[in-house]
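The values are calculated or read from the model by the stated rules, or taken from the named source; none is laboratory data. Computed from a predicted structure; not experimentally measured. FYI the Cβ positions are ideal-geometry reconstructions off the backbone, even for glycines, and counts take in every protein chain you see. The protein model used for the area step is the full one, side chains on, heavy atoms only, and it has no ligands, DNA or RNA in it. Shrake-Rupley method; radii C 1.70, N 1.55, O 1.52, S 1.80 Å.
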Amino acid sequence: MRLFGAVATITAIVLVGSAHIGSPDAWYEGDAGPYHAIVQVATPGVVPGVATVYVRLQGAGGAAANGADVTIQANRFDALAASPPPEIAAAVAGDPGMYSGQLWIMSGGSNSVTVNVSGALGTGKAVIPVVVVANRRLELDPRLGTALVAVGLFLFVGLVTIVGAAVRESSLAPGTAPDARQRWKARTAMAVSTVFLALALFGGSRWWNSEDADFRDSIFKPLTATATIDSIGSRPALDLELSDSVWVHRSDTSWLQKRNASRWSPLITDHGKLVHVFLIREPDLQAFAHLHPPTTDSVRFVSVLPSLPAGTYRVYGDIVHESGFAQTVSTKIELRAPVAGGGPATDADDASRFVESPLGGDRSVLEDGSNMVLQRTRGEFVAGRSAALHFAITGSDGKPLRLEPYIGMAGHAVVTRDDGAVFVHLHPAGTISMASQMAFTMRQPGDSVVGRLGQRINASEAMASPVDIPGNGVVSFPYAFPKPGKYHMWVQVKHAGRILTGAFAFEVLPAAE
């Protein structure tokens, strides 16, 4: 049973995007040349496996959708051979501007999906980084295991019986009964074959169990992290440490090879920040902070704490590696006393928000008295369906607020399910990291030297340049909630030099069966 279970389990590996927690799909909204595209990459359930890619062309690109040709192709960050040929994304009947196609993802790790569009407006392409990793294995169905054991016993007994019959009767003339000597030889052959087959099965079981143990050891696990309350001067500070031995010993090449940790390349900045840290108080989820602690060794990140009430906090840290591999580390911390505001923040883009009353509704009053309204253009949120998250920000006079770039974007958003099973950091460009995207688009043959690509990405003007800021005061985030349940969401924008945080709570309904 154990052997057959291990064999069957290897085909049931589930892959998720490790850049977020419980949210495996990659979302991208942006330009593909002259076309505006929204792309969803639904990662496969096995590796190698098939990813499904959905491409929606909007605006002028959508108007040319009837005659557009869309192709998609996948490739690994460290691929040595040429990229596989592109696959055709077919138009979806009854949904103008929507295309879909499937791609084989041949290995886990840092991958990309390139979308190529050719139509009346010309040609264009977009590169979407996709993290695909194995993080768990499904157990064998007991009914299937029982059936496999029964078939195995039948074959085992059948083979031993065939050996005995062959030794006992193969040399006799038709109709001749075997004598005592031949029956003794047959029983001896059956005993020997039984021992031989049993040893073969035992050896195979030991070999497979060893392979299975190695596989379990190689299943992706985000870097472990620890958080403590420290101090900077007289002010309390958060000390987040990437304590995982794989990361601490990353300079030891032999250690990395032993731990199958070649993906742990150096960290690169995303919008000028080496890490984005989020604190969310549980269980009420009414306190939130977004910090950017500096580091001297890429192990310890220390930041002065903003104004926060006491309580237990979930701590999440988003980091991006030079390979384009993005991941979220997580831990918890106990804040035994409230932290009073006052004094400069460690980073000018740090911000926090505490809402004293339970959240509810689609309207949030911001710190300066302006309003942020969640526009439900498609009604209730349903798991697995595009959520179309649009937020309109207006001043006290009811006019759209003039927004400013906040960490290179029109806004940032954090979504978490109340039980912590889902956590994702969103941008108007989607779930992807801009640094990951640049790792693919800027990579050159000479970048096999560790650190060379990261230096160019960190120094790139594109990393510091903000995207277009909408003039209508509306910020949008492409996303689909992966699971039903109760969720909280924080949306951060910047106006008149001040960071404003809207807080929302809502329920996501299960998909109709």
Order by protection proxy (mean Cβ within 10 Å, highest first), peptides 342-351, 384-393: 384-393, 342-351
Which labelled figure in (i) 216; (ii) 178; (iii) 200 is volume of the Cα convex hull per residue in Å³, once derived from the coordinates: (i)
Apply the Karplus curve 6.51 cos²θ - 1.76 cosθ + 1.60, θ = phi - 60°, to the phi angles in segment 443-457 and return the couplings in whole Hz, x for Gly and Pro. 5, 10, x, x, 7, 5, 6, 4, x, 5, 5, x, 4, 5, 5
Mind checking which of GLN182, VAL133, ALA348 is farthest towards the positive end of the chain's charge dipole, using Cβ charges of +1 (Lys, Arg) and -1 (Asp, Glu) about the Cα centre? GLN182
Ranked from highest to lowest mean number of other Cβ atoms within 10 Å per residue, what is the order of the peptides 470-477, 191-198, 433-440? 433-440, 470-477, 191-198
Hey, what's the chain come to in accessible area per residue, 1.4 Å probe, Å²? 47 Å²
Which value, in debye to the nearest 20, gives the size of the charge dipole of the chain about its Cα centre, when Lys and Arg are +1 and Asp and Glu are -1 at the Cβ? 1500 debye
Measure out, as a whole number of angstrom, how far apart the alpha-carbon centroids of segment 191-238 and segment 326-342 sit. 30 Å
How many nm is it between the label spots at ASN209 and SER448, if each spot is 7 Å from the Cα in line with the beta carbon? 4.1 nm
At a Förster radius of 56 Å, what calculated FRET efficiency corresponds to the Cβ-Cβ distance of ALA150 and VAL248, to the nearest 0.05? 0.70
Shape category assigned to segment 157-306 from the gyration tensor of Cα positions, a/c cut at 1.5: prolate
In terms of modelled amide H atoms, which long-range or inter-chain residues lie less than 5 Å from the amide H of SER323? SER265
Here, trypsin sites (Lys or Arg not before Pro) of segment 390-468 satisfying both criteria (DSSP loop; at most 15 other Cβ within 10 Å) are ARG402
Stretch ALA383-THR441 to full length: gain in nm at 0.36 nm per residue minus the Cα-Cα span? 17.7 nm
Surface share of carbon and sulfur [accessible, 1.4 angstrom probe, percent] for the chain: 57 percent
In segment 293-325, which residues have a backbone nitrogen under 15 Å from the label point lying 7 Å from GLU356's Cα in the Cα-to-Cβ direction? 308-310
Whole-Hz couplings from phi, Karplus 6.51/-1.76/1.60, listed for segment 304-309; x for Gly and Pro: 4, 7, x, 5, 8, x
What residues of segment 276-304 lie in the reach of a label at ALA340, counting those whose backbone N is under 16 Å from a point 7 Å from the Cα along Cα→Cβ? none
Lysine pairs in the chain with alpha-carbon atoms under 22 Å apart, 8 or more places apart or on different chains: how many are there? 7
Taking the highest mean first, how do the peptides 159-171, 301-313 order by number of other beta carbon atoms within 10 angstrom per residue? 301-313, 159-171
What is the chain's relative contact order, in percent, from Cα pairs under 8 angstrom and six or more apart in sequence? 14 percent
If a/c stays under 1.5 just call it rounded; otherwise compare a/b with b/c (prolate if a/b is bigger, oblate if not). Do that for segment 258-319, with a ≥ b ≥ c from the square roots of the Cα gyration tensor eigenvalues. prolate
The answer for HIS271, listing residues at least 5 apart or on another chain whose modeled amide H is closer than 5 Å to its amide H, is ALA435
Label model pair ASP397, PHE196: point-to-point distance (7 angstrom along the Cα→beta-carbon line) in nm is 9.4 nm
If each DSSP helix of 4+ residues adds -39,500 (n - 2.57) and the sum is divided by the residues in the chain, what number results at 222 nm, nearest 500 deg cm²/dmol? -6500 deg cm²/dmol
Residues whose placed amide H lies under 5 Å from that of GLY109, excluding near-sequence neighbours: VAL132, VAL133
Measure out, as a whole number of angstrom, how far apart the alpha-carbon centroids of segment 82-100 and segment 358-378 sit. 37 Å
FRET efficiency estimate (nearest 0.05) - Cβ-Cβ, GLU139 to THR226, R0 25 angstrom: 0.20
